[in-house]
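Only one structure is covered here, and it is reproduced in the block below.
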Amino acid sequence: MSGINQSQALPPSRTVAVIGSGAMGAGIAQVAAAAGYSVQLFDTRAEAVVKAIADIGGMFDKLAGKGRMTAAEAGAAKARLRPASALSELAEAGLVVEAIVENLDVKRKLFADLEAVVADDCIFASNTSSISITSIGAALRLPQRLVGMHFFNPVPLMALVEIISGLASDAAVAGCVYDTALAWGKNPVHTKSTPGFIVNRVARPYYAEALRILNEQAAEPATIDAILREAGGFRMGPFELMDLIGHDVNFAVTQSVFHAYFTDPRFTPSLIQQELVNAGFLGRKSGRGFYRYG
Ligand code: NAD
């Protein structure tokens, strides 16, 4: 693609559009704004954008209160965040980071709609946890403009970002997104579009085996979490981590990886997690998952 230099981050003069203002979109918008980029936030639920901007503002105030940024820096970072009420308002974006529902068709449609709005040199990045970047990109007029930019939850605290190239992704685009992640204070790694990429592939058995232990009634979630934290050295046990991620998101990712590997039984989704999703017990974000919150 013309105008994209492999060895340079997106210049802060180019706006970053973040689509989806849930847990991940809000975190991505926060790190981009903190790094000096103008950010537009869009969500099909307008209230999610309002909440995300208010929450991010609160985070900047908190950081200023702790002396980790000045009050002036917090004010400037807040001023760099703008809501968008329609995709048509995103025409100036130099980079779009998508963090919407984990569904191939919905993501494909969003990027196809965006392609009619933005300039040809606008880069598209998907925060998908598991879906093939090659498949998402196949719906685009310019599939080379799309890469995965997979952040981890909570985005402001987790350094790792997987930069995922699909078969059609331009190496210069992957390079630009890699350097942009560096400019946002992250620790990016390049990888290829394989189901679950690296981290979610490795993490599937962590969740799946814990859920099998629970299914066999061998131990309670709190016991399993404590063992993994204290004996295994993990920062979070599998059940508290699933509650943080959100069961709707985690279940969708497991289903996606399971089908992508031609229903390999190693990746079979858990009926326990399906029940939690059906009940609306999505974890921290809904106040109840394996544990109760608030
Ligand atoms: P979330 O449910 O908190 O937020 C998703 C947001 O997207 C919602 O506010 C929803 O209204 C909005 N949305 C849905 N469809 C939309 C559309 N067509 N256009 C615009 N907005 C739309 O979910 P999340 O946890 O932030 O996850 C978002 C993405 O990030 C998913 O692809 C997920 O797999 C990925 N991800 C999640 C985690 C995690 O730990 N939760 C970690 C890494 C990646």
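Below are the figures for this structure:
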item	result
Flag if L182 is within 21 Å of T254 (Cβ to Cβ), in contact (Cβ under 8 Å) with a residue 12 or more places away in the chain and surrounded by fewer than 18 Cβ atoms within 10 Å (Cβ to Cβ)	no
Residue in region 230-241 that is within 20 Å of the chain's Cα centre (by Cα), among the hydrophobic types (A, V, I, L, M, F, W, C), under 23 Å from L104 (Cβ atoms) and within 13 Å of the ligand (Cβ to nearest atom) present	no
Residue list for region 147-164, filter: within 14 Å of the ligand (Cβ to nearest atom), under 20 Å from A112 (Cα atoms) and without any contact (Cβ under 8 Å) to a residue 40 or more places away in the chain	I164
Lone unmet requirement of (1) within 27 Å of Q30 (Cα to Cα); (2) assigned by TED's automatic domain parsing to the domain that holds A23; (3) in contact with a Pro (Cβ under 7 Å, 6 or more places away or on another chain) for A168	(1)
Cβ pairs under 9 Å, 6+ apart, first in region 262-285 and farther than 20 Å from E209 by Cα and within 14 Å of the ligand (Cβ to nearest atom), second modelled with pLDDT under 95 and part of a loop (DSSP other than H, G, I, E, B)	R284/G294
Candidate set: region 112-127, residues that are within 10 Å of the ligand (Cβ to nearest atom) and under 18 Å from the mean Cα position of the chain (by Cα); chosen: the one farthest from L146 (Cα to Cα)	N127
Long-range neighbours under 8 Å by Cβ, at least six apart or interchain, first residue within 12 Å of F42 (Cβ to Cβ) within region 78-93, second of a type in the set (G, A, S) and in a strand (DSSP E or B)	A84/A17; L90/A17; A93/A17
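Each row is one residue, and each column tells you yes or no for (1) at pLDDT 95 or above; (2) basic (K, R); (3) in contact with a strand residue (DSSP E or B) (Cβ under 7 Å, 6 or more places away or on another chain).
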| residue | (1), (2), (3) |
| --- | --- |
| E115 | yes, no, no |
| S130 | no, no, no |
| F151 | yes, no, yes |
| G175 | yes, no, no |
| D179 | yes, no, no |
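The values are calculated or read from the model by the stated rules, or taken from the named source; none is laboratory data. Computed from a predicted structure; not experimentally measured. Note that we place each Cβ from the backbone using ideal geometry, even for glycine, and neighbour counts take in every protein chain shown.
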